[in-house]
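The values are calculated or read from the model by the stated rules, or taken from the named source; none is laboratory data. Here the structure is a predicted model, which is why all the values come from computation and not from measurement. In this analysis, Cβ positions are derived from the backbone assuming ideal geometry, glycine residues included, and neighbour counts consider all displayed protein chains.
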Amino acid sequence: MASELRVDTLKDSSGNNSVGMAYVSGGSAKAWAKFDDSATLADSFNISSSVDVQTGQWRFAKTNSMVDTDYVVVGMGGYLIGSFNTGYNSNATETTANHTQSKYDSNFQDFGSGGYGMHNVHGDLA
């Protein structure tokens, strides 16, 4: 039989740094990743795999699915050195994964050597 723990607030072991459960369940990123051009993950949460689809386009599969496709993906990308940044957008078309793309002007653009992308998913988990 499954058990259930009901709490209103979480605190660290010293009794400080509290956070309400409504904030945790409703406002925290449900998945995130930092990745390079080849979709290699530097670090991630709730991302089971990443694929370099083609220049400036990547696909991220989630470990835990979203409840529906009405979720939001935000992110950015650019070079570590210099002022070049790419436009970034994503489409939430699947509950288990989403595609992300980076453009500069009207062309799909990779981040280049030393570049990176950051990918955040907000919404409800299934």
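Close Cβ contacts (under 7 Å, 6 or more residues apart or on different chains) running from residues in the range 47-62 that are on the phi > 0 side of the Ramachandran plot to residues that are part of a strand (DSSP E or B) comprise Gly56/Gln101; Gly56/Ser102; Gly56/Lys103; Gly56/Phe108.
When the range 35-67 is filtered for residues that are in a loop (DSSP other than H, G, I, E, B), out of contact with any Leu (no Cβ under 9 Å at 6 or more places or on another chain) and within 24 Å of Asp124 (Cβ to Cβ), only Thr63 remains. Filter the range 12-69 for residues that are acidic (Asp, Glu) and loosely packed, with under 12 Cβ neighbours inside 10 Å; which is farthest from Asp110 (Cα to Cα)? Per the stated criteria, the residue is Asp12.
Of all the residues in the range 10-54, those that are β-branched (Val, Ile, Thr) and at pLDDT 85 or above number 4. Given the condition assigned to a strand (DSSP E or B), surrounded by 14 or more Cβ atoms within 10 Å (Cβ to Cβ) and modelled with pLDDT of 90 or more, answer yes or no: does some residue in the range 99-115 qualify? No; the residues of the range 99-115 include none that is assigned to a strand (DSSP E or B), surrounded by 14 or more Cβ atoms within 10 Å (Cβ to Cβ) and modelled with pLDDT of 90 or more. Picking from residues in the range 55-87 that are over 12 Å from Thr100 (Cβ atoms) and in contact with a Phe, Trp or Tyr (Cβ under 9 Å, 6 or more places away or on another chain), the one that is modelled with the lowest pLDDT is Phe84.
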